[in-house]
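One structure is given below, encoded as structure tokens.
The values are calculated or read from the model by the stated rules, or taken from the named source; none is laboratory data. Please read all numbers here as calculations on a predicted model, not as lab measurements. Positions of Cβ are backbone-derived with ideal geometry, glycine not excepted, and every protein chain shown enters the neighbour counts. These area figures cover heavy atoms from the full protein model, side chains too; ligands, DNA and RNA do not enter into them. Shrake-Rupley method; radii C 1.70, N 1.55, O 1.52, S 1.80 Å.
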Amino acid sequence: MAGTLYLVATPIGNLGDFSPRAVETLRQADFIAAEDTRVSVKLLNHFDIKKPLVSYHEHNLCAENGVTVQAIPGCCAAVSALAVSGLPTGRFTFEGFLSARPQERREQLKALSGETRTMVFHEAPHKLRPTLADMAAIFGPERPIALCRELTKLHEDTMRTTLGQAAAYYDANEPRGEYVLVVAGRTAGDAPALTLEEGVARVLALRAGGMKMKEAVRVTADDTGLNRNELYQAALNAQ
């Protein structure tokens with residue numbers, strides 16, 4: 001007879017955030033699967049939970065085998081950062097970690113250049129400087145950002161500033177700890193999300209797909225903030 005898999009959210013720093021229900025669930029379990037057993041054993045020892053511990057990885061898909069899966073709620077770094085960011089929370093998108101490869105990271109950010117929802121990213125300290133530099137270049141240096149560092153831990157702090165100011169600050173100061181970056185979405189007053197050349201390339205791609213020139217220019221200008229007349233003339237010259 002198939003059992004039940006309980007997905008137990010663990011604290012993101014402060015052990016006091018581990019709920020009584022989570023503790024009781026682990027105490028009643030037959031065994032515990034963890035992504036990093038070396039880290040999890042510290043949590044289990046703190047709450048005096050003695051159960052067999054095995055490694056979990058993405059290929060252990062219980063749902064595909066008819067096993068009941070239930071979630072035991074807990075802390076979430078992304079939601080905690082969003083709550084203290086001071087940025088709009090009505091609609092947001094969680095983007096996780098960006099690529100460590102510069103070109104791939106820039107492509108990921110360019111794909112988000114027109115995003116109007118608040119964006120939430122995770123970032124490690126050794127990648128923070130290039131990530132902020134790329135964000136400032138692609139989203140614009142005046143775009144608001146909240147940098148939430150070491151959430152729920154001893155040295156927790158939140159910096160609410162702009163991408164340009166954040167990049168300048170961390171050029172002069174060493175990043176320390178794990179970060180959640182909460183970046184404001186694009187607004188109508190933002191600088192163009194693409195260069196004129198990139199806008200022309202998008203127009204020509206839409207034209208190749210069968211869209212008329214004026215419509216392709218209108219769509220691209222609305223999405224990027226580029227001047228419609230300049231974009232139209234540049235696209236005509238590039239044909």
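With θ set to phi - 60°, apply the Karplus curve 6.51 cos²θ - 1.76 cosθ + 1.60 along the range 26-40 and write out the HN-Hα couplings as whole Hz, x wherever there is a Gly or Pro.
5, 5, 8, 6, 6, 7, 10, 9, 9, 5, 9, 5, 5, 7, 5
GNM, the chain, Cα, under 10 Å: largest mean-square fluctuation among MET159, MET119, MET211?
Of MET159, MET119, MET211, the Gaussian network model singles out MET211 as fluctuating most.
If you roll a 1.4 Å probe over the chain with all protein chains in place, what percent of the accessible area is carbon or sulfur?
Numbers: 7260 of 13990 Å².
Result for the chain: 52 percent of the exposed heavy-atom area is carbon or sulfur.
Measure of size requested: the Rg and Dmax of the chain, with Cα atoms as the atom set and Å as the unit; please supply both.
Every Cα atom of the chain included, Rg and Dmax give 22.9, 72 Å.
Only sites in a loop by DSSP and with at most 15 other Cβ atoms within 10 Å count here; which trypsin sites (Lys or Arg not before Pro) in the range 26-71 make the cut?
On the way: sites: ARG27, ARG38, LYS42, LYS50; in loops: LYS50.
Of the trypsin sites (Lys or Arg not before Pro), the ones in loops of the range 26-71 whose Cβ has at most 15 other Cβ atoms within 10 Å are LYS50.
Within the range 222-239, which residues have the backbone N less than 17 Å from the label spot 7 Å out from MET213 along Cα→beta-carbon, could you tell me?
Inside the label zone: 228-239.
Per residue, what accessible area does the range 59-215 have, given a 1.4 Å probe and all protein chains present, in Å²?
Counting only protein heavy atoms, the per-residue value for the range 59-215 is 54 Å².
How much length is gained on full extension from ASP223 to VAL67, taking 0.36 nm per residue of separation minus their Cα-Cα distance?
Working: separation 156, 0.36 × 156 = 56.16 nm, distance 4.45 nm.
Gain on extension, ASP223 to VAL67, equals 51.7 nm.
Using 0.36 nm per residue of separation minus the Cα-Cα distance, give me the extension gain between GLN28 and ASN173 in nm, one decimal. List each step's numbers first, then the result.
On the way: separation 145, 0.36 × 145 = 52.20 nm, distance 4.67 nm.
The GLN28-ASN173 span can extend by a further 47.5 nm.
Quick one: which of 215-224, 14-23, 105-114, 141-150 comes out on top by average Cβ neighbours within 10 Å, and what's the full order, highest first?
Highest mean packing first, the order is 141-150, 215-224, 105-114, 14-23.
Taking R0 as 25 Å, what FRET efficiency do you get between HIS155 and HIS57 from their Cβ-Cβ distance, rounded to the nearest 0.05?
Values: r = 31 Å, r/R0 = 1.24.
So the FRET efficiency works out to roughly 0.20.
Using alpha carbon centroids, what distance separates the range 94-168 and the range 20-66, in Å?
Using only Cα atoms, the two centres lie 32 Å from each other.
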